[in-house]
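Below: the structure, in structure tokens.
The values are calculated or read from the model by the stated rules, or taken from the named source; none is laboratory data. Here the structure is a predicted model, which means the values were calculated and not measured. Neighbour counts are summed over all protein chains in view; Cβ atoms, including those assigned to glycine, are modelled from backbone coordinates with ideal geometry.
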């Protein structure tokens, strides 16, 4: 159900617009909240996640889904790394479904659908694709092609029919729909505001998305994401051990 009105807590530290075609990245510190708001409807924001301190540890789609017995992300879900720790948690969202399984488009797929759309012809309105956007942002942190893994697609719903075929659900996200993440370790978040590869529209017009990074606190022992299932409790326990070790309190 569409319900965009939610109490927002914490001091605003970053507030900016991710325009259509743009990419963005930052390190979200443990406890901080990152909120994404679809300003016009039909947004699609692709995301990658890495342990900011050791980026060889990164988002693992299979573990995220099987540990929680889910096929999409929504409020109450954890985003797992490939080391069994929790990178982020979805602490609020208005949609109840964010795609985890259908990937992103590269330059070849983008050109086939939208045309070339070069900077020389279109200037800042040029057509950009998710793969190249990811590579630009990852390069800022010494990462590259080998570091791209299965990504999340916020604001997107791709649902199976009775035969198991996947279908893009049009008009899933409406104006002011949102998702809010809490970092459960220092997490490098990489975003690309570019069309989903299964979107049937052949018009390149990704809407702007508002980003807001706010202060916050790490999950407590009674946190609903932590206690969603035994697997999440173990994932958060590994996080706790990581930060105790870094503080010199546990060896």
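Observations on the model:
This table checks each residue for (1) part of a loop (DSSP other than H, G, I, E, B); (2) within 21 Å of residue 60 (Cα to Cα); (3) out of contact with any strand residue (DSSP E or B) (no Cβ under 6 Å at 6 or more places or on another chain); (4) modelled with pLDDT of 95 or more.
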| position | (1), (2), (3), (4) |
| --- | --- |
| 172 | yes, no, yes, yes |
| 181 | no, yes, no, yes |
| 189 | no, yes, no, yes |
| 198 | yes, no, no, yes |
| 213 | no, no, no, yes |
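- Single residue of the stretch 40-81 satisfying the filter (touching a helix residue (DSSP H, G or I) at 6+ places or on another chain (Cβ under 8 Å), in contact (Cβ under 8 Å) with a residue 60 or more places away in the chain and assigned to a loop (DSSP other than H, G, I, E, B)) that is farthest from residue 138 (Cα to Cα): 77
- The single condition from (1) in contact with a strand residue (DSSP E or B) (Cβ under 9 Å, 6 or more places away or on another chain); (2) crowded, with 20+ Cβ neighbours inside 10 Å that residue 127 fails is (1).
- Top-ranked residue of the stretch 82-98 - restricted to ones that are under 18 Å from residue 175 (Cα atoms) and assigned to a strand (DSSP E or B), ranked as nearest to the chain's Cα centre (by Cα): 98
- Identity of the residue in the stretch 1-19, closer than 17 Å to residue 176 by Cβ and either assigned to a loop (DSSP other than H, G, I, E, B) or touching a helix residue (DSSP H, G or I) at 6+ places or on another chain (Cβ under 6 Å) (or both), that ends up modelled with the highest pLDDT: 8
Okay, residues lined up against (1) without any contact (Cβ under 8 Å) to a residue 24 or more places away in the chain; (2) buried (at least 22 other Cβ atoms within 10 Å of the Cβ); (3) under 23 Å from residue 72 (Cβ atoms):
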| residue | (1), (2), (3) |
| --- | --- |
| 175 | no, no, yes |
| 187 | no, yes, yes |
| 192 | no, yes, yes |
| 195 | no, yes, yes |
| 216 | no, no, no |
